[in-house]
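The values are calculated or read from the model by the stated rules, or taken from the named source; none is laboratory data. If you're wondering where the values come from, they're calculated on a predicted model, not measured in any experiment. Cβ placement follows ideal geometry from the backbone for every residue including glycine, while neighbour counts extend to all protein chains displayed. Protein only, heavy atoms only, side chains kept; ligands, DNA and RNA dropped before computing areas. Shrake-Rupley method; radii C 1.70, N 1.55, O 1.52, S 1.80 Å.
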Amino acid sequence: NNLDEVFHFLPDNRQYVTLKHEGDKLLVFEKGDLLFIFNFHPYQSFDNYRIGTLWGTPHKILLDSDESRFFGKSRLTYGHEHTFPAIHESWMNRPNYIQLYIPSRTCMVLIAEENIDKYDLTKLGFKAID
């Protein structure tokens, strides 16, 4: 709920399903200015998985279900502290892609750097995002 209070993505008509992969049990979609990644696989994690994206600037994780505050294993700490560079090549019918680690049974929400200044992230508990 806090995420929608800041980003107002639920009523936003901008949406695109980037990936629905039954074998990998992945669902990836863009909604508003955010990129959502869900890994429903019970045991398969993915290293350097390519995800197509609309945005051409580096992406950063805003929220993930593997954070310790959600009693997760904190396997995605890197993505909160660093960005994933956007590669300017078409992938999954999107003009760019990023590569990242996607642990099993997790979901994450990312934002591209070009969209960060549009929002007051202090409402989500962020001091600042570089």
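Return the residues of segment 48-66 that are within 22 Å of H21 (Cα to Cα) and outside any strand (DSSP E or B); say none if nothing qualifies.
L54, W55, S65, D66
Quick check on L35: is it touching an Asp or Glu at 6+ places or on another chain (Cβ under 7 Å), aliphatic (A, V, I, L, M) and either closer than 19 Å to W91 by Cα or open to solvent by 30 Å² or more (accessible area, probe 1.4 Å) (or both)?
No.
Which one of I129, I87, I116 is at pLDDT below 95, surrounded by fewer than 16 Cβ atoms within 10 Å (Cβ to Cβ) and either among the hydrophobic types (A, V, I, L, M, F, W, C) or closer than 16 Å to L26 by Cβ (or both)?
Only one candidate qualifies: I129.
Of the numbered conditions (1) within 17 Å of E30 (Cβ to Cβ); (2) more than 15 Å from the chain's Cα centre (by Cα); (3) of a type outside the set (K, R), I98 fails exactly one; give the number of that condition.
All conditions pass for I98, except number (2).
Condition first: assigned to a strand (DSSP E or B), surrounded by 15 or more Cβ atoms within 10 Å (Cβ to Cβ) and free of Cβ contacts under 8 Å to residues at least 40 places away in the same chain. Now tell me which residues in segment 17-27 satisfy that.
Correct list: L27 only.
Considering only segment 68-84, how many residues are buried (at least 17 other Cβ atoms within 10 Å of the Cβ) and free of Cβ contacts under 8 Å to residues at least 12 places away in the same chain?
Total meeting the criteria: 0.
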